[in-house]
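Visitor: My questions will all concern the structure given below.
The values are calculated or read from the model by the stated rules, or taken from the named source; none is laboratory data. On a predicted model such as this, the values are computed, not experimentally measured, just so you know. Backbone-built Cβ (ideal geometry, glycine too); neighbour counts: all protein chains shown.
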Amino acid sequence: MPPESPIKPWPTVSSRPLANYRIFQLRSDLKVNPRTGSQHDFFVIECVDWVNVVAVTRTGQVVMIEQFRHGSNTVELEIPGGMMDPHEADPIAAGQRELREETGYAGTAAKLVGTIFPNPAIQSNRCHTLLVEHCELKHATEFDHGEDIAVRLVPAAEIPRLIADGHIRHALVVVALTHFLLHSGSAA
């Protein structure tokens, strides 16, 4: 464990909602710097937690997807995942739902292998990484109205090269795959 940090939380003077954009809300927090006593206004993006799924078949293939990403205006090689529904409290169940809907795959031995803050400077949510093993194609896909996805099976051994070569560029996917590689003992 690292030593206790001398940095302390900043007390909140006030908090007010600013806008609701369907998939996230924006709020303003007025906080006090504990070092100087000065007040500062901070903007926070509030959204539900996210979940990413590393799904591995019995033959060592990782179930991946390709989809167009509007922020980067690119087609990206990723893993299944998405927003947890507001009523979902269990990232394992949410991840299994996302895997089934986006790929039609399901498996056993689902477990959480990591949780991160996607951008703690401005976002309030967490992103969970779920590992699902022994996956098989068992269902038809159920894409959301805004999804257009192609499923790809990639040998797990190729994942580090695909990241290093820039074929996998989504930061949260790279983190999830790093959790997978650390969990499986493939990363040194």
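Visitor: So, in the stretch 101-113, of the ones that are under 13 Å from residue 141 (Cβ atoms) and surrounded by fewer than 20 Cβ atoms within 10 Å (Cβ to Cβ), which residue ends up nearest to the chain's Cα centre (by Cα)?
Guide: Checked the stretch 101-113; the qualifying residue nearest to the chain's Cα centre (by Cα) is 101.
Visitor: Return the pair list, or none, for Cβ contacts closer than 9 Å from residues in the stretch 105-134 that are under 23 Å from residue 24 (Cα atoms) and of a type in the set (D, E, K, R) to residues that are at pLDDT 95 or above and assigned to a loop (DSSP other than H, G, I, E, B), at least 6 apart or on different chains.
Guide: Once the first residue is under 23 Å from residue 24 (Cα atoms) and of a type in the set (D, E, K, R) and sits in the stretch 105-134, its partners that are at pLDDT 95 or above and assigned to a loop (DSSP other than H, G, I, E, B) give 126/49; 126/117; 126/118.
Visitor: Still on this structure: So, in the stretch 54-89, exactly how many residues are within 20 Å of residue 175 (Cα to Cα) and acidic (Asp, Glu)?
Guide: Residues in the stretch 54-89 being within 20 Å of residue 175 (Cα to Cα) and acidic (Asp, Glu): 3 in total.
Visitor: Would you check if residue 134 is at positive phi and either assigned to a strand (DSSP E or B) or surrounded by fewer than 16 Cβ atoms within 10 Å (Cβ to Cβ) (or both)?
Guide: yes
Visitor: Within the stretch 48-66, track down each residue that is surrounded by fewer than 16 Cβ atoms within 10 Å (Cβ to Cβ) and on the phi < 0 side of the Ramachandran plot.
Guide: Answer for the stretch 48-66, where residues must be surrounded by fewer than 16 Cβ atoms within 10 Å (Cβ to Cβ) and on the phi < 0 side of the Ramachandran plot: 58, 59, 66.
Visitor: A further question follows. Take the residues of the stretch 150-165 that are charged (D, E, K, R) and without any contact (Cβ under 8 Å) to a residue 40 or more places away in the chain: which is nearest to residue 80 (Cα to Cα)?
Guide: 158
Visitor: May I ask you to list the residues in the stretch 46-71 that are among the small types (Gly, Ala, Ser), over 30 Å from residue 16 (Cβ atoms) and free of Cβ contacts under 8 Å to residues at least 40 places away in the same chain?
Guide: none
Visitor: Could you check the stretch 70-89 and list, in sequence order, the residues that are surrounded by 13 or more Cβ atoms within 10 Å (Cβ to Cβ) and in contact with an Asp or Glu (Cβ under 6 Å, 6 or more places away or on another chain)?
Guide: 77, 80, 81, 82, 84
Visitor: Residues to consider are 48, 44; find the one that is in a strand (DSSP E or B), under 27 Å from residue 174 (Cα atoms) and not small (Gly, Ala, Ser).
Guide: 44
Visitor: Can you find even one residue in the stretch 169-185 that is in contact (Cβ under 8 Å) with a residue 40 or more places away in the chain, closer than 25 Å to residue 23 by Cα and part of a loop (DSSP other than H, G, I, E, B)?
Guide: Yes, some residue in the stretch 169-185 is in contact (Cβ under 8 Å) with a residue 40 or more places away in the chain, closer than 25 Å to residue 23 by Cα and part of a loop (DSSP other than H, G, I, E, B).
Visitor: Of the residues 102, 88, 158, which single one is outside any strand (DSSP E or B), of a type in the set (Asp, Glu) and more than 25 Å from residue 59 (Cα to Cα)?
Guide: 88
Visitor: Which of the following residues is in a strand (DSSP E or B), of a type in the set (D, E, K, R) and assigned by TED's automatic domain parsing to the domain that holds residue 179: 31, 111?
Guide: Exactly one residue qualifies, and that residue is 111.
Visitor: Those residues that are more than 16 Å from residue 153 (Cβ to Cβ) and in a strand (DSSP E or B), I need them from the stretch 57-74; list them, please.
Guide: 68, 69, 74
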